[in-house]
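Take a look at the structure below.
The values are calculated or read from the model by the stated rules, or taken from the named source; none is laboratory data. Just so it is clear, the model here is predicted, and its values are computed rather than measured. We place every Cβ from the backbone using ideal geometry, glycine too, and count neighbours over all the protein chains shown.
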């Protein structure tokens with residue numbers, strides 16, 4: 001059976017202005033440098049995603065862990081048809097994200113880290129707009145939105161309040177409801193619980209699990225929250241510098257901490273002794289941080 | 001029955017944009033009043049220029065100026081609504097959500113254009129009512145039907161220009177929006193909104209021939225001041241329709257090419 005999401009050799013690079021300007025550029029223009037616009041710095045190629053391949057099974061919750069700027073969101077935006085890959089292919093339920101863009105869009109939805117709304121409109125007006133964009137029957141969409149929001153403990157009295165007057169947690173619940181309103185077969189969650197209080201975070205996480213259990217929805221989740229990743233994800237990929245540096249189940253990733261045995265000193269590197277499994281956070285730091293140990297990479301996929 | 005249900009479904013995603021914008025206007029009622037008041041005052045100020053001077057022919061002078069101000073008000077609003085649709089979505093932070101919806105871009109832009117026409121018409125009609133009261137303009141002998149047909153014919157061309165201009169904020173988040181304003185200002189300069197294009201320097205005259213607003217204003221003024229019929233205006237109307245037929249698909253093609261570029265370079269996002 002075809003994978004729900006299939007990425008093969010996907011790469012994406014951007015041209016960006018370098019962080020530091022070349023001082024000689026202004027010096028060359030001498031006394032007139034104050035008069036003319038600063039020299040446009042030569043853009044450099046930044047590889048956001050490099051040769052990434054993975055499959056996500058139907059109904060699977062697939063986590064992507066990575067530091068800021070590691071390529072997580074670029075990968076999600078590639079799957080979401082907001083970016084075109086430079087090379088490689090991405091298929092969602094067998095449909096190519098470039099060739100079958102509209103078909104893919106019908107099957108997916110996305111919650112991004114920033115609640116992207118018309119903030120002067122109410123939750124109900126924003127959801128109505130979303131329903132219209134996805135060609136949903138208005139009455140049915142309203143009932144479904146109410147149902148999802150009540151599951152997320154969103155107070156009904158706030159439905160008509162302007163979103164700019166709602167807390168970040170409330171806004172994110174509306175974002176989750178908007179994504180689920182369209183009954184997506186694949187849900188892309190890009191740090192959906194960042195900035196939420198522990199209770200709201202738990203409610204969103206529970207709902208993600210419920211949606212998977214009841215609708216067999218495939219979920220791709222990017223997060224910084226190790227507990228969240230461990231709780232929700234069937235498998236986790238760790239991305240660093242645009243490359244997948246590990247891909248395994250949460251337990252599998254942690255087991256790498258003892259895979260090579262404490263005798264070689266690897267466990268000590270993670271602050272772990274004997275047969276105790278390192279935490280996911282320890283493994284993550286080892287894979288992406290300055291204290292990276294080669295043994296973890298070698299014990300890879 | 002099935003056909004009408006399908007039609008409603010086809011229209012639903014375009015109408016979603018119209019309804020969204022209507023909700024925003026309702027929420028921003030105070031600001032809408034401010035814009036409306038400014039627009040009325042602007043047209044009145046221009047109209048008073050016509051009142052000054054020789055009383056003979058004052059009615060025609062006022063009508064000439066007011067017609068220019070009102071028509072330009074409508075056309076520039078239509079252009080602005082279409083051209084700024086992307087910049088606005090980016091500013092609100094909704095561009096990614098709207099652009100990853102499974103609707104064709106034709107439907108999205110159709111919704112934007114439908115809103116632009118409705119919003120522009122309502123604002124222009126309200127302004128017209130205020131101006132008519134202020135100047136007691138005599139429309140006796142004016143052919144309002146021919147003026148409306150002219151407006152409808154010119155809308156197509158302005159939508160086409162708006163579609164092409166909408167690509168600017170898409171491919172250049174910082175500079176695109178100011179560039180659309182510069183383009184709009186140039187059209188105002190060469191189209192004879194407040195003067196006949198014959199007063200323009202010789203080197204500007206060819207530019208006025210390229211602007212659809214030139215033909216719109218010439219035809220609408222002929223209808224309002226001289227009572228010209230649709231048949232009499234047909235040379236200008238044909239030019240407007242030809243411009244519209246060329247500019248709408250061209251503008252759409254430019255927009256789609258810009259969207260593909262933005263998707264390739266990562267510019268299709270909220271923060272530029």
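Observations on the model:
- All conditions but one from (1) surrounded by fewer than 20 Cβ atoms within 10 Å (Cβ to Cβ); (2) on the phi < 0 side of the Ramachandran plot; (3) touching a strand residue (DSSP E or B) at 6+ places or on another chain (Cβ under 6 Å) apply to residue A:70; the one that does not is (1).
- Counted residues, the range A:110-145 - those being facing chain B (nearest Cβ under 8 Å) and in contact with a strand residue (DSSP E or B) (Cβ under 6 Å, 6 or more places away or on another chain): 3
- Checklist (1) surrounded by 18 or more Cβ atoms within 10 Å (Cβ to Cβ); (2) more than 20 Å from the chain's Cα centre (by Cα); (3) within 14 Å of another protein chain (Cβ to nearest Cβ) applied to residue B:30, failing item: (1)
- Test: residue in the range A:44-64 that is in a loop (DSSP other than H, G, I, E, B) and more than 14 Å from residue A:4 (Cβ to Cβ): no
- Within the range B:147-162, residues that are touching a residue at least 12 places away in the same chain (Cβ under 8 Å) have Cβ atoms under 7 Å from residues that are outside any helix (DSSP H, G or I) and surrounded by fewer than 24 Cβ atoms within 10 Å (Cβ to Cβ) in these pairs: B:149/B:230; B:150/B:233, counting only partners at least 6 apart in sequence or on another chain.
- Residue in the range B:204-219 that is touching a strand residue (DSSP E or B) at 6+ places or on another chain (Cβ under 6 Å) and either surrounded by 14 or more Cβ atoms within 10 Å (Cβ to Cβ) or more than 14 Å from chain A (Cβ to nearest Cβ) (or both) present: no
- Test: residue in the range B:84-105 that is surrounded by fewer than 19 Cβ atoms within 10 Å (Cβ to Cβ), more than 14 Å from chain A (Cβ to nearest Cβ) and farther than 30 Å from residue A:183 by Cα: no
- Test: residue in the range B:234-247 that is modelled with pLDDT of 95 or more, surrounded by fewer than 21 Cβ atoms within 10 Å (Cβ to Cβ) and part of a loop (DSSP other than H, G, I, E, B): no
Residues checked against (1) closer than 21 Å to residue A:61 by Cα; (2) crowded, with 23+ Cβ neighbours inside 10 Å:
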residue: A:145; (1), (2): no, yes
residue: A:175; (1), (2): yes, yes
residue: A:184; (1), (2): yes, no
residue: A:190; (1), (2): yes, no
residue: A:196; (1), (2): yes, no
residue: A:201; (1), (2): yes, no
residue: A:211; (1), (2): yes, no
residue: A:218; (1), (2): yes, yes
residue: A:231; (1), (2): yes, no
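- Matching residues in the range A:97-106 - criterion: being under 21 Å from residue A:10 (Cβ atoms), surrounded by fewer than 22 Cβ atoms within 10 Å (Cβ to Cβ) and either in contact with a strand residue (DSSP E or B) (Cβ under 6 Å, 6 or more places away or on another chain) or facing another protein chain (nearest Cβ under 8 Å) (or both): A:102, A:103
- Test: residue A:238 is over 15 Å from the mean Cα position of the chain (by Cα), at pLDDT 90 or above and part of a strand (DSSP E or B): no
- Residue match in the range B:237-257 (condition: within 14 Å of chain A (Cβ to nearest Cβ), within 30 Å of residue A:16 (Cβ to Cβ) and touching a residue at least 12 places away in the same chain (Cβ under 8 Å)): yes
- In this structure, residue A:135 does not qualify as in contact with a helix residue (DSSP H, G or I) (Cβ under 6 Å, 6 or more places away or on another chain), modelled with pLDDT under 90 and on the phi > 0 side of the Ramachandran plot.
- When residues in the range B:202-243 are screened for being closer than 21 Å to residue B:143 by Cβ and within 17 Å of the chain's Cα centre (by Cα), 12 of them pass.
- Flag for residue B:173 being surrounded by fewer than 19 Cβ atoms within 10 Å (Cβ to Cβ) and either in contact with a helix residue (DSSP H, G or I) (Cβ under 9 Å, 6 or more places away or on another chain) or closer than 30 Å to residue A:83 by Cα (or both): no
- Of all the criteria given as (1) free of Cβ contacts under 8 Å to residues at least 24 places away in the same chain; (2) farther than 22 Å from residue B:249 by Cα; (3) outside any helix (DSSP H, G or I); (4) touching a helix residue (DSSP H, G or I) at 6+ places or on another chain (Cβ under 7 Å), the one not satisfied by residue B:204 is (3).
- Criterion: touching a helix residue (DSSP H, G or I) at 6+ places or on another chain (Cβ under 6 Å) and either modelled with pLDDT of 95 or more or more than 8 Å from chain B (Cβ to nearest Cβ) (or both) - qualifying residue of A:79, A:61: A:61
- Meets criteria (buried (at least 19 other Cβ atoms within 10 Å of the Cβ), touching a residue at least 60 places away in the same chain (Cβ under 8 Å), part of a loop (DSSP other than H, G, I, E, B) and at negative phi) for residue B:223: no
- Of residues in the range A:153-199 being touching a strand residue (DSSP E or B) at 6+ places or on another chain (Cβ under 6 Å) and in a helix (DSSP H, G or I), the one farthest from the other protein chains (Cβ to nearest Cβ): A:176
- So residue A:21, is it more than 23 Å from residue A:283 (Cβ to Cβ), at pLDDT 95 or above, away from chain B (no Cβ under 14 Å) and assigned to a loop (DSSP other than H, G, I, E, B): no
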